[in-house]
Each structure stands twice: as structure tokens, then as C-alpha cells.
Amino acid sequence: MRRRRRVVVLEARGRVGGRACTTHKFGYPMDLGGQWIHSACAKNPMLRQASKRKVLGHRREAAKADGVRGNPPAEGGGKKANGDQKGRGENGLVKKRKNFPPKHANVPSRWHVDMEEGGLADPRQVSRAAARLNKVWGALETETRRLEKDKSVQEVIAPELEELKAKMSPFDKRCVQQRIEGLEEYEGGEISSLSARFLQENTGTMPGGNGNVSCGYGDLITRLAEDAKLDIRLNCKVTAICSVPEKHRVEVTLENKSKVTCKAVILAVPLNILKMDDIVISPKLPAEFKKSLSFLHAAKFNKIIIEFEEAPEWKWKDDSQNTDAHTLSSQHVGFLAPIGEDNKFRRFVNWSHFCGRNVWLGYTTVSYSKRMEHLSDEQVFEDALKVFKASMDGKEPTMLPKVAAYRVANWSKDRLSQGSWSYVATGGTIRDIQRIASGLPERHIFFAGEYTIAAELGTVHGAYMSGLRAADQAMDAV
């Protein structure tokens, strides 16, 4: 656009935004997909866009964050919280990770409910138990540096973790399990598939805590599209892209068999749509390109939004059980599940702080998200209520307030996304992401999306920044 080129956007859905999707079902904008402006600093383009439109809601500093995606890690853990951009080499490759090991799994939620013993766990005991994981994360860093060949996080930490668990009480084991689930939630994959080397090498995101968007992330994207005055054609699902380099053109075929001819294409589809060959690209993608794609996996992370007619009340809440005297206004409630039990929801978030209604968000564990592909929304809703009620029961059973409305966000079942964000699996490196980000300039085909930008992997602002990069690549090609 800046270079006065005509741009046509072919959008498969009946709306813009993709996995940035806002529902108004609850009388208040609620995001079904992307929900937080991560790394809420001046360098973040989404923070700037939200501020410009006066829709930047609650901001939370990194030091107070809970340490999972949606709440970036405190103390500089995980996704590059300190924002030192000087460690970058050419093409955005990272030379050295400064904030390692991933301490985000060690930061406690405001509350923790012991699902085995019942009642509220003393947060100081939870913190002390979880802090023992520091030795495991230290082993992850040390052993990863010695690896000749990449291994999964689970393979690297197994010896140290088993030794640690042998000396721990059942309660401490539940705390450690919950923190490991936090790492899986933040990255989007189970530790059995997460690349240990990538976690060490990738410096993560820019500095800053979190911000949310008062109008909803999906609605913000819609406003951006409207302001840009782009030629956006909705319900135009692309089925094939054929490059004809000798004629300096690319032919795009739509589901209705109509065709669009252009000089260059930016393919900004979710990772699994590209991997599953849902769009036929000819000539076929190069073998090395497909190999790099194979090391990127779609994250499994979903949530449920529940609105109660009245505020839930916990029977066991009293100062004698919790000397820190947390109140029902606490934002996060985490669950310490019995060892060996399939934990379905790692935590619930009290959204009444933002909307003034009795709305709670349940965040699924990665293992349960994988099973949700085969569950109906009604089954997920029933499972969520069981977990919520079990967390409330004290010395006597508790009646749940009546549910006014609910909505399940299950991106794995969405045919146009087939997953949440993306993560790097065992064997993958930053260079695999860079290979995809380089596109196919000889064919005038380029790629954008959160999986094409290593340092901002899995974020909305990363997707936005990748689009700007791909636009420059396309302009240079034509």
C-alpha cells in the first residue's frame, strides 16, 4: 500500500481476524482466541494500535504476571521478558539466550486448590514446593548445552525430575506437576514434544507485561482493516496457488472455481492449513521447506467462558486456612490435581475485574485440549463444571450458581485453523522458522503468520509484524 500497489485480501471466513475472534454473547466483548497484548511495551505494534484507538484496557506488569501464555513469565523467564534485542544476529537469528531456564512455571497463581485433599493450599507452601523445580530447570539448561542432537524437554529433565520426586511429599509432587503443566500451557505442547534446544536458544518476546483490549482483540483487528480501506473479499477460501515465474504472475484459485491473477502472493494461513496441503501449491513446496514445516507443530490450547447468574462462593474460604487472606476478588484459581489423574483444567480466571459480570474463563491443559477434538461443547462444559464445583467443595458440598451462558473455544476443531498458535518440536531450530519466513521469492510466494517469526512465535503482534515483513518481500519481488 505504501508503495502504491493494489492489494486484494482473500479471506476464507465471513469476518477478518482469524483466531483473533471476539464474541458479544455475554453483553461484554470476550475473546475466543488471542486475548492478551503480550510484551506490552512501546515497541509492540498492537499496543500502539490499541492505544491510538483508545481501546487499551487493563495492563499488567511482567513482575506480577502468572507465567503462562496470556500471562507472561515474571522474573524474566520464558519468552524473553527483559527484551534485550542486542543478542540478535543477521536475519533476526538469536546468538544467546539471556533469560533461561523457563522460570514461568514457578510463579504461583493467586490461589491454589488442592483437588486431592480439598480446600485452599497455603500459597507459601505451593511456592516453596515449586521453587524446587529450579534445580530441574538448571539441569535443562546445562544438559541442553551439551547435546550433540536435540532432545525433548522431557528427555532432558527426566533424570533430575525423578530424583527430585523421590524426595518429595505427595503435596509437593502435585505442585511440581501443576508447574510443568504451566510450561506446557505457555508453549502449547507437551514436554514430550517440546524442543529443549529451541527453548534455550530462543530469546522470546519484547519487554513488558500484559495488556488486554477493551473492545476485544477481534474487534480491534476489524477496526484496523476498516481504517486501512483494503479491498477485503470475505468468504473467499483459496484452494490452489500456481506460480508461473516466466510470466511474472501467480494464479490463485478459489473454492467457487473463480481465479485471481496477481504479481505476488502472501500466504497468511494457520500452520496446520499449510502443512495439511489444504491449499495446493504448484510447483510443490521444496523438500527443505517442507522439512522445516515438519518441525513446527500446532499448539493445543483451548478455553471455556462461563457466566454465572450469581458470584460463586467457596465454603472453605477463611483466614484460618489461608493466613495470606486472599479474597474472592483474586484473579487466578489454579488446581493441584492428584498425581496420575488426567487434569482437564489447570486454572480458572475471574473476568469480573474487566467486565463487572460473574464471568470465569477456564483454561484447559494441553492433554485435555488434544482430547477435545473428539468432544462436543456440551461435554466440555460438563467437565468444566465438575472441576469448578470440586474446587468449591469444602467440609460440605457446595451448590454452583446457575449458569447464564457459556461458550467453548475449540480451535483444533475449527476447519480454518486446525490448532491454536505454534511451537517448535524436537529437532527444530530457529533456522527452520527463518527458512519459512524467507518465502519463495523465485515464485513470488511469501508467508506470514505467528509461526514465521521466531522471537515473537505464537503471538498476535508477531503475526502482525510478519505481515509487514512479507509485504516488503512481495514489494521487492515485483
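The values are calculated or read from the model by the stated rules, or taken from the named source; none is laboratory data. These figures come from a predicted structure and were not determined experimentally. Here the Cβ positions follow ideal geometry from the backbone for every residue, glycine too, while neighbour counts run over all protein chains shown. Keep in mind that these areas ignore ligands, DNA and RNA; they rest on the heavy atoms of the full protein, side chains included. Shrake-Rupley method; radii C 1.70, N 1.55, O 1.52, S 1.80 Å.
A few remarks follow.
- All conditions in (1) under 24 Å from GLY34 (Cβ atoms); (2) surrounded by fewer than 23 Cβ atoms within 10 Å (Cβ to Cβ) hold for VAL478, with the sole exception of (1).
- Residues considered: ALA454, ALA405. Of these, the only one that is buried (at least 21 other Cβ atoms within 10 Å of the Cβ), closer than 23 Å to GLY34 by Cα and aliphatic (A, V, I, L, M) is ALA454.
- Every residue from segment 225-253 that is without any contact (Cβ under 8 Å) to a residue 12 or more places away in the chain, under 22 Å from GLY439 (Cβ atoms) and open to solvent by 80 Å² or more (accessible area, probe 1.4 Å): GLU246, LYS247
- All conditions but one from (1) at pLDDT below 90; (2) open to solvent by 10 Å² or more (accessible area, probe 1.4 Å); (3) in contact with a strand residue (DSSP E or B) (Cβ under 9 Å, 6 or more places away or on another chain) apply to ASN210; the one that does not is (2).
- Identity of the residue in segment 187-207, among the hydroxyl-bearing types (Ser, Thr, Tyr) and open to solvent by less than 40 Å² (accessible area, probe 1.4 Å), that ends up modelled with the lowest pLDDT: THR205
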